[in-house]
Amino acid sequence: MAKKWQNDAEYMSYVDDLLETQEVQRLGEFVQHYHSTRLEHSINVSYTSFKLAKKVKGDVKATARAGLLHDLFFYDWRETKFEEGSHAYMHPRIAVKNAEKITDLSDLERDIIIKHMWGATIAPPKYKEGYIVTMVDKYWAIKEAVTPMRMKWKNRKWLKRKEYKLS
């Protein structure tokens, strides 16, 4: 069964070439936020950002493409450490270098990818599309990590409210 983003012809026209690359497909091999792969996360960020960019009359193509490529790195971020800086600082720079190997990036796309960790890093996005991807990335990170745990707790019998009869 196709997902909503797969049936969105405009969205697919912007990202289909990227989704077909081995590099982007390889993101499916990495766990991202405990209950999602990096590919699932990147698609979630990309498609949600694309829809928001449409609402604010932003550059939807650049937003969709940068959203898909924002985490284009191939290591386990929980284990790999860098001398040059934190994962929050390093992985956007690595993602840009990896993205440039598979496509030409506009200045807007480059800024979106580099600045998507604003909040954990100092430099804010230069464009509204960068703020969109930054905030959507945080939203999906939380949702992907918490939703399965929330569902697990919701289904626990001892958490269900008991109804008591007054006699």
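The values are calculated or read from the model by the stated rules, or taken from the named source; none is laboratory data. Here the structure is a predicted model, which is why all the values come from computation and not from measurement. All Cβ positions, glycine included, derive from the backbone under ideal geometry; neighbour counts span all protein chains shown.
Just to be sure I understand, how many residues within segment 22-48 are within 17 Å of Lys3 (Cβ to Cβ) and free of Cβ contacts under 8 Å to residues at least 12 places away in the same chain?
1
Which one of these does Lys54 not meet: (1) within 17 Å of the chain's Cα centre (by Cα); (2) surrounded by fewer than 20 Cβ atoms within 10 Å (Cβ to Cβ)?
For Lys54, the exception is condition (1).
If I ask for residues that are in a loop (DSSP other than H, G, I, E, B) and farther than 19 Å from Asp71 by Cβ, which ones from segment 4-27 would you list?
First pass over segment 4-27, keeping only residues in a loop (DSSP other than H, G, I, E, B): 8, 20-21.
If the condition is that a residue be in a loop (DSSP other than H, G, I, E, B) and farther than 19 Å from Asp71 by Cβ, then Asp8 is the only one that fits.
Just a yes or no: is a residue in segment 43-53 over 19 Å from Glu144 (Cβ atoms), out of contact with any strand residue (DSSP E or B) (no Cβ under 9 Å at 6 or more places or on another chain) and not aliphatic (A, V, I, L, M)? I'd like the intermediate steps shown before the answer.
Residues of segment 43-53 that are over 19 Å from Glu144 (Cβ atoms), as a first pass: 53.
Subset that is out of contact with any strand residue (DSSP E or B) (no Cβ under 9 Å at 6 or more places or on another chain): 53.
From what is left, the residues that are not aliphatic (A, V, I, L, M) are none.
No, segment 43-53 contains no residue that is over 19 Å from Glu144 (Cβ atoms), out of contact with any strand residue (DSSP E or B) (no Cβ under 9 Å at 6 or more places or on another chain) and not aliphatic (A, V, I, L, M).
Conditions tested, residue by residue: (1) assigned to a helix (DSSP H, G or I); (2) basic (Lys, Arg); (3) modelled with pLDDT of 95 or more; (4) surrounded by fewer than 13 Cβ atoms within 10 Å (Cβ to Cβ).
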position: Asp76; (1), (2), (3), (4): no, no, no, yes
position: Gly85; (1), (2), (3), (4): no, no, no, yes
position: His91; (1), (2), (3), (4): yes, no, no, no
position: Asn98; (1), (2), (3), (4): yes, no, yes, no
position: Arg110; (1), (2), (3), (4): yes, yes, yes, no
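Going through segment 80-110 one residue at a time, which ones are acidic (Asp, Glu) and without any contact (Cβ under 8 Å) to a residue 24 or more places away in the chain?
Passing the criteria: Glu83, Glu84, Glu100, Asp104, Asp107.
From Trp118, Trp158, which residue is of a type in the set (Phe, Trp, Tyr) and modelled with pLDDT of 85 or more?
Just one listed residue meets the conditions, Trp118.
Please determine, by comparing only the residues of segment 4-22 that are exposed (fewer than 11 other Cβ atoms within 10 Å of the Cβ) and charged (D, E, K, R), which one is farthest from Lys51 (Cα to Cα). Full working, then the answer.
Start the filter on segment 4-22 by keeping residues that are exposed (fewer than 11 other Cβ atoms within 10 Å of the Cβ), which leaves 4, 7, 9, 20, 22.
Pick out the ones that are also charged (D, E, K, R) and you get 4, 20.
On the way: Lys4: 12, Glu20: 21 Å.
Filtering segment 4-22 for residues that are exposed (fewer than 11 other Cβ atoms within 10 Å of the Cβ) and charged (D, E, K, R), the one farthest from Lys51 (Cα to Cα) comes out as Glu20.
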